[in-house]
Amino acid sequence: MTGFPLANFSASEQGLFSPAEIQHLMRIEHARSQRYGYPVGLLLIEVDRLELLHDLYGVDSEQEILDGVVKLLRSVTRGSDFVGCLVDDRLMALFPHTSAEGAAALAGRLLRASRRLAFESDGRSLRATLSIGVSVSQPWSATSFEELVESAVEALRFAMAEGGDRFVQRQPASAFFDDLRQELDEEVRLLDLERRGRGPSAPPPEPGEPPAAEEAPAAAAEPEPPPAPAVPEGPPDEELAEGLRALFRDLDPSSPNLARLEEEVVAVAQRAVELARGRAAAEAAGGREQKIDLLERRVSKLKELLDSTEAELVRIARAKGVDTGIASIYRTVQGLSAEEESYTRKKEMLTVLFEANVELRKKIQGRS
Amino acid sequence: MSADQKQESGKDHGVLYMGVDLGTSRTSVSASNGVRETVASFVGYPKDVVSQKLLKKDVLFGDEAVKHRLSLDFYRPLEKGVLKASARDQSYEKNLRAAQHLIGEIIRRAQPRKDELVYAVIGVPAQASINNKEAILDAARETVDSVMLCSEPFAVAYGLDWLEDVLVIDIGAGTVDLCRMHGTMPEDTDQVTLDTAGDSVDEEFAKRIRDKHPDAQFTTQMVKSIKERFSSVADQMEPVIVNLPVKGKPTEFDLTNELREACRSIVPHIVRGLGELIGTFDPEFQDRLKERVLLAGGGSLIKGLDTAIEREMHEILGSGKVVRIEEPIYGGANGALKIAHDMPAEFWEKLK
């Protein structure tokens, strides 16, 4: 693999490399992945409510928990597969050659294993849960290391804001928009081709030139060139009939029922041509319906892309510090509970306070 | 609130309650979304285009403003517990604007959602003027749906459910507010405001340093920082060994005695104020009142102050029992939050 040493999660100078050096190694690995075209996954792991655990159980328990999580990370991965360090009580681990699916699977394994962890402090059993932010840099996506980290940080923030004990995966913004742009460009190109009724290799019509459909062979005679097989080219019906009559003229004219036979053959031939034409028309109609279905599916997909774009914009807004706020724990207005111990006294006080505020408003309005 | 009213306002995703404590030195907020924030009550505006470009902000608050104060027009708009707007001079409008920005900032730090109703109770000093109250209401209305003002020491008592036969001492930087609770809403006669508070301790401390060490160079901010780190009235206290420049050279000073005496200087004023409130109370309940004294505010963090006040009360008033609240920084904000939560819905509607 990369030849880097095993993950160094030391926040002090006791490890083989300092956290700053480890992060430098991460940058190098990321740059290598961009150059040689393989994905790298970044996991940012934080123990939920670690500060509270510190306050309740002391600094030793905090260190024990962090050590436990590092050990866990090594146990659910191949130890040689990642470079990691501790930054401000968060574990940061970079996994080369790890796709988005792989990173998600790894985060899931880590969460499941963490739920089985148990620690002890002063004879009390503690449990810790994790929040994990996952971000993956795709090959040749021109995503910078900073974008990768920022995306993982944002994902971690989401995971913690949602209550912890979960992972959230985010794409770096630049990669997301590159993918989106490519998909939209492809959709527009296909729609344009279908509108013109041309294949990818056909030259575009000159300005003013009638659409290609109108130049289709007369036997097709449809407003749009159908994608289904067209009616086979051949002589017009009357020509066909004359051709068949000519065959009969070559026969012995004294044969009985010759005229009747000639007419029947011509009629059968004409019916066969009509049937073939009808089938071709039906296939063409079916082709149009297929095209409509295809367009509808593509519109639906574009709508999905727009929805995910909107969600991504919200995420980026949050990452840029545009705060959307934190929800209150109350869905409705509360008020004093009748079961409150000093209910009457408090209600009285609140009423006096309210009336004082009403009086204040009146005084202010009276002045202005 | 009815469903129709919710739909009208376009906000039907919850109700955020906020309790705000506007203090001379610190402004704090507690909210029902779990957010608790505090910011030093300083506001600064870049002096010129250069500083604006360097700082990348139009207005700075709290410690950030203090850090860059040399590049800022620097304000402390809540001095002496009221907005510095009573004198109709040039600084009136500027202080008013700074106070309004400070209020907007602390509300913003509570991170309210745009799709939620926001109901706020703001604790103001007992003797805030109508001008000040109007300015506070105007500032708050820009970001909340409904707002009420209440007395700060009352908010402290309400938050702790100490509503009867309680004396609250709220020691801030600008004022010490004493409030007598007797089971009903306190009136003006139940409240005393003293000017001798945290800032007075800073001034006394600075004076003593100058008297003892005339060559030491220091600012008010430096003195305040030393006080906040070491303050104590105890005979046995942590030595206050600090470095102050003397003609540019850092020099070590032992300021233990100076700080102790400065901190002790507010005790007699407080006990005198307590005596005033106790002396005018129903004689049958005066002893009970003396035994239920609640110490709150940032000044209550002075080590040993509760014991010192108790001792002085024993000497002057015959008895006394002082209890310091657990969260001096957020006590007022927590109490205001509880008031907001308990206020009936119809009251909030009427004040929108």
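The accessible surface of region B:195-352, taken with every protein chain in place and a 1.4 Å probe, is 48 percent carbon and sulfur. Within straight-line reach of B:Lys321, meaning a Cα separation under 23 Å, sit the following lysines at least 8 residues removed in sequence or on another chain: B:Lys290, B:Lys303. Under the convention that each Lys and Arg Cβ holds +1 and each Asp and Glu Cβ holds -1, the size of the dipole of region B:128-200 around its Cα centre is about 60 debye. Under 5 Å between amide hydrogens, built in the peptide plane, is the criterion, and for B:Lys303 it picks out B:Ser232, B:Val233 among residues at least 5 positions away or on other chains. Placing unit charges on each Cβ (+1 for Lys and Arg, -1 for Asp and Glu) gives chain B a dipole about its Cα centre, and among B:Val20, B:Val43, B:Leu160 the Cα reaching farthest toward its positive end belongs to B:Val43.
Taking Cα centre as origin and charging only the Cβ of basic (Lys, Arg, +1) and acidic (Asp, Glu, -1) residues, the dipole magnitude of region B:263-352 rounds to 280 debye. Counting, for every residue in B:105-116, the Cβ atoms of other protein chains within 10 Å of its Cβ and taking the mean gives 3.
At R0 = 51 Å, how high is the FRET efficiency between A:Arg116 and A:Ala338 if r is their beta carbon distance? Nearest 0.05 is fine.
Rounded to the nearest 0.05, the efficiency is 0.65.
As a test question: what accessible area, to the nearest 10 Å², does B:Arg208 have when a 1.4 Å probe is rolled over all protein chains in place? Result for B:Arg208: roughly 80 Å² accessible.
Given a 1.4 Å probe and every protein chain left where it sits, what share in percent of the accessible area of region B:127-177 is carbon and sulfur? Carbon and sulfur: 41 percent of the exposed surface of region B:127-177. Summed over both chains, the accessible area lost when B and A associate is about 3400 Å², using a 1.4 Å probe.
Taken over chain B, the ratio of Cα radius of gyration to 2.2 N^0.38 Å equals 1.05. Per-residue 3J(HN,Hα) values for region A:30-37, derived from phi via the Karplus relation 6.51 cos²θ - 1.76 cosθ + 1.60 with θ = phi - 60°, read 5, 4, 4, 4, 5, 6, 9, x Hz in sequence order (x marks Gly and Pro). Solvent-accessible surface of region B:169-313, taken per residue with a 1.4 Å probe and all protein chains present: 46 Å². Evaluated over region B:120-255, the count of Lys pairs having alpha-carbon atoms less than 29 Å apart is 13 (only pairs 8 or more residues apart or interchain).
Legend: residues in region B:336-352 shielded by at least 50 square angstrom of accessible surface upon adding the remaining protein chains to the isolated chain (1.4 Å probe, heavy atoms) are B:His341, B:Asp342, B:Phe347, B:Leu351. Residues of region B:157-176 whose accessible area, computed with a 1.4 Å probe over protein heavy atoms, drops by at least 40 Å² once all protein chains are present relative to their chain alone are B:Tyr158, B:Leu163. Each of B:Ser41, A:Ser300 has its accessible area taken with a 1.4 Å probe; listed largest first, they run A:Ser300, B:Ser41.
The values are calculated or read from the model by the stated rules, or taken from the named source; none is laboratory data. Worth saying up front: this structure is predicted, and the values here are computed from it rather than measured. Counting neighbours? That spans all protein chains shown, and the Cβs are built from the backbone with ideal geometry, glycine included. Each accessible area value is taken on the protein alone, full model and side chains, heavy atoms only, with ligands, DNA and RNA left out. Shrake-Rupley method; radii C 1.70, N 1.55, O 1.52, S 1.80 Å.
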